[in-house]
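First the structure, in the form of structure tokens, and then the observations on it.
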Amino acid sequence: MGRYYEADAATKNMFDRIREERFEGLDGVKIKLIMDLKPKIDKLRGAMVFASVRLTNEVEKYLVEQNSGNYDYFIFINTLVWDLASEKDKKRILSHELRHCFIDDKGNYKTIRHDIEDFYAEIRLNEDDPMWGQSLSTIAIAKFDQMRGEEKANK
């Protein structure tokens with residue numbers, strides 16, 4: 001098994017519901033959800049990277065089109081974090097990544113940076129648990145450290 005694989009139906013359904021409920025401006029935008037087995041830590045922030053989004057480039061569009069259609073964005077989801085996250089946190093992760101997707105007034109697809117560490121809209125949506133990200137990151141890093149320790153012990 002390689003490092004990447006396609007998100008399962010439950011994840012795709014959750015994603016579709018969030019996009020439909022909160023992101024009507026992204027109707028028709030083709031987004032591929034890709035699970036990533038390699039955990040990443042943002043060393044500057046000291047936090048686990050939950051997911052990331054990026055525009056597809058021309059080569060990727062060509063290669064993907066040959067097999068399964070065309071995509072405008074790829075969203076990469078850290079499987080370690082995903083497996084540890086609650087349903088509510090999974091929705092938060094997907095919603096956050098969708099906030100990076102933007103179509104300008106000329107119809108060009110772009111990615112946008114955070115307003116601050118997060119997006120103001122996401123902070124308002126998560127007022128009930130403002131530290132959810134830090135908590136999940138702490139758990140994910142601890143699990144990652146445990147996995148690395150076990151891997152070293154087994155060598």
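None of the figures in this text is laboratory data; all of them are computed from the coordinates on show. As the structure is a prediction and not an experimental result, all values here were calculated from the model. Quick reminder, even Gly has a Cβ in these numbers, built from the backbone with ideal geometry, and neighbours come from all protein chains shown.
If you filter segment 1-33 down to residues that are touching a helix residue (DSSP H, G or I) at 6+ places or on another chain (Cβ under 8 Å), in a helix (DSSP H, G or I) and charged (D, E, K, R), you find that the one that is nearest to residue 76 (Cα to Cα) is 19. From the residues in segment 86-113 that are polar (S, T, N, Q) and more than 12 Å from residue 72 (Cβ to Cβ), which one is nearest to the chain's Cα centre (by Cα)? It comes out as 95.
In segment 82-95 there is no residue matching the filter, namely being more than 26 Å from residue 139 (Cβ to Cβ) and of a type outside the set (A, V, I, L, M).
Could you pull out the residue among 81, 29 that is under 11 Å from the mean Cα position of the chain (by Cα) and among the aliphatic types (A, V, I, L, M)?
Residue meeting the stated conditions: 81.
Check segment 43-65 and report whether any residue there is buried (at least 19 other Cβ atoms within 10 Å of the Cβ), hydrophobic (A, V, I, L, M, F, W, C) and touching a residue at least 60 places away in the same chain (Cβ under 8 Å). Checked segment 43-65: at least one residue is buried (at least 19 other Cβ atoms within 10 Å of the Cβ), hydrophobic (A, V, I, L, M, F, W, C) and touching a residue at least 60 places away in the same chain (Cβ under 8 Å). Residues in segment 1-42 that are of a type in the set (Gly, Ala, Ser) and either under 22 Å from residue 121 (Cβ atoms) or without any contact (Cβ under 8 Å) to a residue 60 or more places away in the chain (or both): 2, 9, 10, 25, 28. Could you go through segment 33-46 and let me know if any residue there is over 22 Å from residue 135 (Cα atoms) and of a type in the set (A, V, I, L, M, F, W, C). Within segment 33-46, one or more residues are over 22 Å from residue 135 (Cα atoms) and of a type in the set (A, V, I, L, M, F, W, C).
Among the residues making up segment 73-95, those that are closer than 19 Å to residue 22 by Cα and in a helix (DSSP H, G or I) are 87, 88, 89, 90, 91, 92, 93, 94, 95. Within segment 96-155, the residues that satisfy the criterion of being aliphatic (A, V, I, L, M), without any contact (Cβ under 8 Å) to a residue 40 or more places away in the chain and either at positive phi or not in a helix (DSSP H, G or I) (or both) are 112, 116, 131.
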